[in-house]
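Asks: Handing you a structure now.
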Amino acid sequence: MKNSIRKQRQKNSPTYQNLEPRKMLASVGFDGAGQGSAELTYFLGDAPASVGQDLFESTIEDALKVWSDVADITFTQTGQSGLRDSLDISFRNIDGSGGTLAYAYFPDDVNPARIAGDVVFDSSENWEVGNQQGSRAFDLLHVAVHEIGHSLGLGHDPTAGSVLAETVSPNEAFDALGQSDIDAILELYAPAVQTQVVPPAPVPPAVDPDPVAPEDPVQETPETETPDPETSVDPEDEEEETDPTDNGDDDSEDENEQDEEDERRRRRFQHFVNQWLRRLRQYGFRFRFR
Ligand SMILES: [Ca+2]
Ligand SMILES: [Ca+2]
Ligand SMILES: [Zn+2]
């Protein structure tokens, strides 16, 4: 298949903004016929200095996650190129600036396993992530989501809003899959088992745990300025706790306990909100329509 795709590419003289000339092929996906799951690896080649390796890596991770959030596909990075069931993702000069932006190989039912799923970006294009540079550069994330769609077996899609549209404008930045993209990938693979980013319910346990080591439902160290109930002590609380004259059985203490409980709930809720916001940022909700 490789040769015929190459010939096809040479015969066509693509217009600017076509992502790639692509022969119409049909694939059942890496999972074979039916809607199954796929465990794939991916290998990253060297990014051009204009993009930078870190941005390349994080952008590809974001693009892979766009698909694995929807379909039951796992991607694990590997340091070895040329593996079976592995997407080798690299840059090289394809045809200079303009023309083809990138291309990808369909899964192993269409291509030899060694190249199935591989993606190549044209290192001669100006790339950015987002659309800060307007018409001067193409959104690497958009093109990566598009090409990885091909890697997984999807063809082009003329539906408005599809990331698999045949063309892309340099003024576009990826926002989300279109509904037709979601429908198309779910015709090839099972739905993602893993739930999407959902915040933990902001309800503390009914029984307060040991106040010295409050139960933290998500075992991560908060990195925000939110006070950690474990390490910060309200001066009034401290006074209350160390008051030697307190016999510990009057009504005002009950009220104080209630206040402390409310304060703990408030801090825990704030902790959840901060964590959720951090995850949203982490998972790349960084593009907005303008
Ligand atoms: Ca090109
Ligand atoms: Ca742009
Ligand atoms: Zn395409």
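Asks: Counting only residues that are within 24 Å of the chain's Cα centre (by Cα), within 16 Å of ligand 2 (Cβ to nearest atom) and in contact (Cβ under 8 Å) with a residue 40 or more places away in the chain, which one in region 88-122 is surrounded by the fewest Cβ atoms within 10 Å (Cβ to Cβ)?
Replies: Across region 88-122, the extreme among qualifying residues is 102.
Asks: Sort out which residues of region 76-96 are in a strand (DSSP E or B) and within 16 Å of ligand 3 (Cβ to nearest atom), and write them in order of number. Give the steps one after another, and end with the answer.
Replies: Filtering region 76-96 down to residues in a strand (DSSP E or B) leaves 76-77, 86-92.
Across region 76-96, the qualifying residues are 87, 89.
Asks: Another question about this same structure. State which residue is farthest from ligand 2 (Cβ to nearest atom) when the search covers only region 123-133 and only residues that are in contact with an Asp or Glu (Cβ under 9 Å, 6 or more places away or on another chain) and not in a strand (DSSP E or B).
Replies: Only one residue tops the list, namely 124.
Asks: I'm trying to understand the selection: among the residues of region 171-192, which are within 17 Å of residue 130 (Cβ to Cβ) and more than 16 Å from the chain's Cα centre (by Cα)?
Replies: Matches in region 171-192: 171, 172.
Asks: Tell me which of these residue 154 doesn't satisfy, since it passes every other one: (1) away from ligand 3 (no atom under 12 Å from the Cβ); (2) buried (at least 20 other Cβ atoms within 10 Å of the Cβ); (3) farther than 17 Å from residue 62 by Cβ.
Replies: (1)
Asks: Quick check on my filter: what residues within region 99-115 are within 16 Å of ligand 3 (Cβ to nearest atom) and either in a loop (DSSP other than H, G, I, E, B) or over 21 Å from residue 169 (Cβ atoms) (or both)?
Replies: 99, 100, 101, 105, 106, 107, 110, 111
Asks: Identify the single condition in (1) touching a residue at least 12 places away in the same chain (Cβ under 8 Å); (2) part of a loop (DSSP other than H, G, I, E, B); (3) closer than 19 Å to residue 49 by Cα; (4) away from ligand 1 (no atom under 16 Å from the Cβ) that residue 173 does not satisfy, given that it satisfies every other one.
Replies: All conditions pass for residue 173, except number (3).
Asks: List, please: which pairs have Cβ atoms under 7 Å, are six or more places apart or on different chains, and start with a residue in region 25-48 that is on the phi > 0 side of the Ramachandran plot and end with one that is surrounded by 16 or more Cβ atoms within 10 Å (Cβ to Cβ)?
Replies: Matching pairs, first to second residue: 29/38; 29/107; 29/152; 29/153; 29/188; 29/189.
Conditions tested, residue by residue: (1) outside any loop (DSSP other than H, G, I, E, B); (2) among the aliphatic types (A, V, I, L, M); (3) in contact (Cβ under 8 Å) with a residue 60 or more places away in the chain.
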| site | (1), (2), (3) |
| --- | --- |
| 145 | yes, yes, yes |
| 151 | yes, no, yes |
| 157 | no, no, no |
| 162 | no, no, no |
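Asks: Is it the case that residue 137 is in contact (Cβ under 8 Å) with a residue 24 or more places away in the chain, within 16 Å of ligand 2 (Cβ to nearest atom) and assigned by TED's automatic domain parsing to the domain that holds residue 39? If you could, list the steps in order and put the result at the bottom.
Replies: Working: in contact (Cβ under 8 Å) with a residue 24 or more places away in the chain: yes; within 16 Å of ligand 2 (Cβ to nearest atom): yes; assigned by TED's automatic domain parsing to the domain that holds residue 39: yes.
Against the criterion (in contact (Cβ under 8 Å) with a residue 24 or more places away in the chain, within 16 Å of ligand 2 (Cβ to nearest atom) and assigned by TED's automatic domain parsing to the domain that holds residue 39), residue 137 qualifies.
The values are calculated or read from the model by the stated rules, or taken from the named source; none is laboratory data. From a predicted model like this one, the values you see are computed outputs, not experimental measurements. When we count neighbours, we look across all protein chains shown, and the Cβ atoms used for this are built from the backbone with ideal geometry, even at glycine.
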